[in-house]
Structures are given as C-alpha cells and as structure tokens.
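The values are calculated or read from the model by the stated rules, or taken from the named source; none is laboratory data. As the structure is a prediction and not an experimental result, all values here were calculated from the model. Ideal geometry is used to build each Cβ from the backbone, glycine not excepted, and the neighbour counts take in all protein chains shown.
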Amino acid sequence: MAKVLIIGGGGAGLVSALSAHEAGAEVVVMTKTLPTRSQTSMAQGGMNAVLGEGDSVANHIADTLKSSAGLGNEKQIAFMCENALDAVRWCNTMGLPFSRDASGEIARRRLGGASAPRACYAQDYTGLKLLHTLYDQCLKAGITFLNERFLLNIIVDEQSNRALGATCLNIPTGDVEEIRAESVILATGGYGALYGRHSTNSVGSTGDGIAAAIRAGARLADLEFIQFHPTALKSSSILISESARGAGGFLLNAKEERFTDELGPRDVVARAIHDEIVSGGAVYLDIRHLGEKFIAHELPQERKLAQIYEGIDPVHDLIPIKPAAHYSMGGIEVNNECMTSVSGLFAVGECANHKTHGANRLGGNSLLELVVFGRHCGKNAAEFGENKAASALENNQITKDTNYVNEVMSFSNQIDFYEKQETLAEVFYTNVGLVRDNSGLNAALDVISQIKKELPLMGPKDKSKICNTNLVEFIEFGNKIELSEIIAISAINRSESRGAHYRGDVPARDDALFGAHTITWKEDGVLCTNLMK
C-alpha cells in the first residue's frame, strides 16, 4: 500500500486525503494547526457550477477565461468547469448543507464577473461548512492526522529528483521529525499574511509550502498576481463576502453615490474603490435595502462581523470598507496531474498554480478548484506512489533542519522581528499592492534586502523548547521574506498591467506578453526568474 503524505489540513488537503484514501493509499495529513482553523473557512460566497437553465458550462469557461486576462490555460479551465457539477453533487452527497431555493434545489447566487447565478452556497458560511463536512468524512474514514507539525522542508533524493517525505517541527515537543512517504502533496494555502493587517487571511497564511517547494527544486509561477478583495471591513480587513453584492448590495462613495458595477471582475472593482478612497476618503457597502429578514437568513455572518468589528448594524447603517489582500493566484507550478517539477511532489489548492485563475480569480472558483483538483490530485498521488516505491535510503535533510533550528535558537534578539514584519506588511500594501510602479517595487526590494541582512539579529526571544510559538513565527517570517523577494522581482519584471497586477507607470497590457508566465526557480541557491510562454 502506497503512503501519501498530505501537508495542510484545509479544504484542498482534506479533499485530496479522501481521494487518496478511496484509491487505496495509506494517508497521513500533517498540519501546523487544527484542520478546522484553515483559511478555507473564510471562503464565504459559494462554489461555481452550472445546475440549471439559462447557463452553460461554455459560459462558465468563457467567464473564467475572461477574468484570467490571458493567463488562464483553457484546457485546465475546461477540466475544472466540466467537473463542477460532479463536484457539487459529491459535496452534497457527503452532507454539505447547501442553502435551498423555493423548489428545494441547491440555491445559487451570481458573483462578480459571472454571466449567470451559478455560485452554490450555504448561507454565507460555504467554506466553513465545506471544511467541517470534509473533516467529518476524513475522521469517519480513519485517516491519520498529525496536528501541530510545522513544515520545515521536503526530503528530496537529489540523484533522482524524487520527493521522499518531509521534515517538520513538532510544536508541542520542540523536536524535529521526518515523515517518509511514496508521494507528498502540498496543500498549504497562500501567502496573504504578507500584508499583515491589510489582508483578509489568517496569520497562518505565510506561504510555508511554497517556500519549501522552491527550496526543494520545484518551480513557482506568477507570484506577482495577488487578488485584493474589494470589500474588507475598513478597520480590521475582515472579509465581507461578495455574496453581499451578489444579493444586491450597493457600493457608495463618500457622497453616498454608486460609482461602479458592483459585480464586475474583482480587480476592476477593487481599483475603483481604491481610487474613490484616494479622492474622497471613504467607500461604503450598502445592504440596508435588502431588509432585516433577508440579511438574517442569507447574510448572517456579514451582519455579525460588521457588528463586532465596526460597531455598526448593516440592517440600518452603511458598512465602511476597503480593498485588502485576499487570494494568491500564483503558486507552485504543477502539470495536468498536479505534480511539480520534483518527481512525487504534488501541489493543490491555493499554494498551487493550476493556471485556472490566471491574472485574476473569478469569484466562486476557489472552492470549486480545490474540490475538482483535490480529487484529481489525491488519486494521482496514490497511483504514483503505488507504481513507484520511494527509496528508503538515509537522507540528511533531518540533520540539516535540526541544525537550522538550533542555529535559529542561538540568534540574538537585538531587533524585534515582529516590528520588521509589520514594516514589511506596510511596505507591501503601499508598494506591492493594488497599484504598483517600478520605483516603489525597487524600494520594497531594498527593505527586503536590509531585513535579510538583519535576520541573525532577530531570533526568537523565547528560548524554550516546548510549544515555542515564537520560534514558529520566526521561521514563518523567514518564509515571508523568501517569498516577498520573489513577488517583488516578479512584479518588476512584468512591465505591463494585467488583471490583479496593475502598474501605474505601465497601465496598458502588453500583447507581446500575452500568455507569458513568470517562472521562478533556484539554481545552486541562486534565485532565477524568467517570463515564459
């Protein structure tokens, strides 16, 4: 029986786990927190699928291609859209409590960029309810979970370029461990936490799997494309779901006038809001006209979040909002089988680049992607492991990582890395945010370069071994620094505006770069990047 190691317990990891288990593999899921705390819980709006008349799979494909701004792979997009109905039925069979319309069918709403209402939803808790449903099914299947294991590195046989497992820090004990497997799936999520308080993501979205992947020899693609959600709460960046606009909510400027198509593509709407805030100082989401009964039934979470974090009741008050970093379109480059350039190393979900979202993700496609490609990835990883047994030879990765952790613990604490982390987040929001230019991007690179030099002076203050979250957060910070450099360089090299990557100094799309992906890799520890078609 092949052993499949899945790193990450969010939606993509749990779907992959169930799929690999169904394919006959022994499955181990390794997570740095508890599965029910993953970022999937923040996907509120719904899961796209064509269920009824007035819509078609061809329209879904066309909407996704249009939103991707020339960077979406039509074959991959078609695979996702053509399998959408089966994905929703699979979730429904498992017990995901979808909302229902008057006829008892799964309810659907229209999200931004879609030509028809096709987002199947469970109130405004779709991702959370999907996550809990998946976790219940994994527990019923007897899948093994190793929680509170922080990924350090992928174990790779350099002679054969084959993944053999992974090393991790056992957070409760402080020990460095290795887990061997015939195949490894990275499902570790995105890197939105780079933007700190300007992100809708949890603090755990630090790109650990992506950073580990490039260190292992995998290639990354399109990290400059970061989606800013148009409607986050002004004070906290807590997400207000697109479902609020899909239900008929209005966007109002400081004069309380509508100024844009609320259901346009997210990059367009986010920039329109940004421009209004710059010129007028404020933008609001207005759902008052929907009525208390509708809001209580369809948008209960949005009302509760506005009450808790802004101190207002959207039944009666305007909701102050701003754009915030939300989703990573870029990630680990994978082929049609979800495998990276390292044999036996797979990736799925937000950490992977399946080339389905391109330069701008269509609302409602993230949950769909993780279900469709999660099922595909788990099956492929199980079959790969069954047909190609991994070497049991000794590997010195655990020794390297044990030495690394010991070295980090010896770093001085002359500089508070939490302060530097906040500085990086502010620099990124200002210079690598919704509107970018060459001078700002290079200024961000200068900040990153200085932080890299000072890292040995920023070690964890807590020198204890057991449950040292200060150590974990410092290693996460290192991953952020590694990815931030790649993002800034990629944004500099793409001298055009496309989707979520908007260069104020080069506002037009460059047709010569149509379909060109920013590919990043390392050779002998040196970062390399190139635009490739």
Being under 30 Å from Thr206 (Cβ atoms), of a type in the set (Ser, Thr, Tyr) and crowded, with 18+ Cβ neighbours inside 10 Å is the requirement here; does Thr36 meet it?
no
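Sort through Ala425, Ala444 and tell me the only one that's in contact with a Phe, Trp or Tyr (Cβ under 6 Å, 6 or more places away or on another chain) and part of a helix (DSSP H, G or I). Let's see the steps before the verdict.
Numbers: Ala444 fails: in contact with a Phe, Trp or Tyr (Cβ under 6 Å, 6 or more places away or on another chain).
Only one candidate passes the filter, namely Ala425.
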In this structure, is Thr200 touching a His at 6+ places or on another chain (Cβ under 8 Å), in contact (Cβ under 8 Å) with a residue 60 or more places away in the chain and crowded, with 24+ Cβ neighbours inside 10 Å?
yes
Scan region 52-71 for residues that are modelled with pLDDT of 95 or more and either more than 18 Å from His357 (Cβ to Cβ) or more than 21 Å from the chain's Cα centre (by Cα) (or both) and jot them down.
Asp55, Ser56, Val57, Ala58, Asn59, His60, Ile61, Ala62
Residue, farthest from Ser16 (Cα to Cα), within region 145-169, restricted to residues that are over 24 Å from the mean Cα position of the chain (by Cα) and in a strand (DSSP E or B)
Asp157
Only one of Leu527, Leu483 is closer than 16 Å to Ala221 by Cβ, part of a strand (DSSP E or B) and either charged (D, E, K, R) or touching a residue at least 12 places away in the same chain (Cβ under 8 Å) (or both). Can you tell me which?
Leu527
Quick one: Ile466 ticks every box in (1) part of a helix (DSSP H, G or I); (2) aliphatic (A, V, I, L, M); (3) out of contact with any Pro (no Cβ under 6 Å at 6 or more places or on another chain) bar one, so which box is it?
(1)
Among the residues of region 376-394, is any closer than 30 Å to Pro265 by Cβ and small (Gly, Ala, Ser)?
no
Would you confirm, using the coordinates I've provided, whether Val29 is outside any helix (DSSP H, G or I), within 20 Å of the chain's Cα centre (by Cα) and among the hydrophobic types (A, V, I, L, M, F, W, C)?
yes
Which residues, taken from region 229-242, are within 23 Å of Gly72 (Cβ to Cβ) and out of contact with any Phe, Trp or Tyr (no Cβ under 9 Å at 6 or more places or on another chain)?
Pro230, Glu242
Can you work out which of the residues in region 372-388 that are of a type outside the set (Phe, Trp, Tyr) and in contact with a Ser or Thr (Cβ under 6 Å, 6 or more places away or on another chain) is surrounded by the fewest Cβ atoms within 10 Å (Cβ to Cβ)?
Lys379
In region 8-29, is there at least one residue being more than 18 Å from Leu96 (Cβ to Cβ), surrounded by fewer than 19 Cβ atoms within 10 Å (Cβ to Cβ) and not hydrophobic (A, V, I, L, M, F, W, C)?
yes
When both residues are 6+ apart or on different chains and their Cβ atoms are under 7 Å apart, which pairs have a first residue that lies in region 389-400 and is closer than 14 Å to Leu5 by Cβ, and a second that is among the aromatic types (Phe, Trp, Tyr)?
none
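Can you pull out every residue in region 317-358 that is among the small types (Gly, Ala, Ser) and assigned to a strand (DSSP E or B)? Full working, then the answer.
Quick first cut of region 317-358, residues among the small types (Gly, Ala, Ser) only: 324-325, 328, 330-331, 341, 343-344, 347, 349, 352, 358.
Result: Ala324, Ala325, Ser328, Gly331, Ser343, Ala347, Ala352.
What's the total number of residues in region 284-301 that are part of a strand (DSSP E or B) and among the acidic types (Asp, Glu)? I'd like the intermediate steps shown before the answer.
The first filter runs over region 284-301 and keeps only residues part of a strand (DSSP E or B), leaving 284-286.
Among the residues that remain, those that are also among the acidic types (Asp, Glu) are: 286.
So the count comes out to 1.
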